[in-house]
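Just so it is clear, none of the values below were taken in a lab; they were calculated from the coordinates. Note that the structure is predicted; figures quoted are calculated from it, not measured. For neighbour counting, all protein chains shown are included, and Cβ atoms are generated from backbone atoms with ideal geometry for every residue, glycine included.
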Amino acid sequence: MGRGRQKAKHTKVARELKYFSPDTNYSALERELGIETPRPAHRDEPEPDAWAEYAEKYNSDSDDD
C-alpha cells in the first residue's frame, strides 16, 4: 500500500472515531464509579423545607409598631 492510500485510510479511521457517538449507559457508569443516586421521594412524604430553620430563627410574629 502506498503512502497516499495509507494516509487516506488513517484519515478515514480518524474521522470515524471523531464523529462516532455510541449510546452511553449512564446507570452502568454510575455503578462503575460507585455513585449512589438519591431515591425519589414518595408522593406521601412532604419535601423538607430548606428554609424552615431560618424562618423559625429570624421570623418574628410580634408587631412592635
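Computed quantities for the displayed model
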| quantity | calculated |
| --- | --- |
| Cα→Cβ-extended label distance, 7 Å offset, between residue 58 and residue 8, nm | 7.0 |
| Estimated inter-spin distance, residue 16 and residue 30, nm [label 7 Å along Cα→Cβ] | 3.4 |
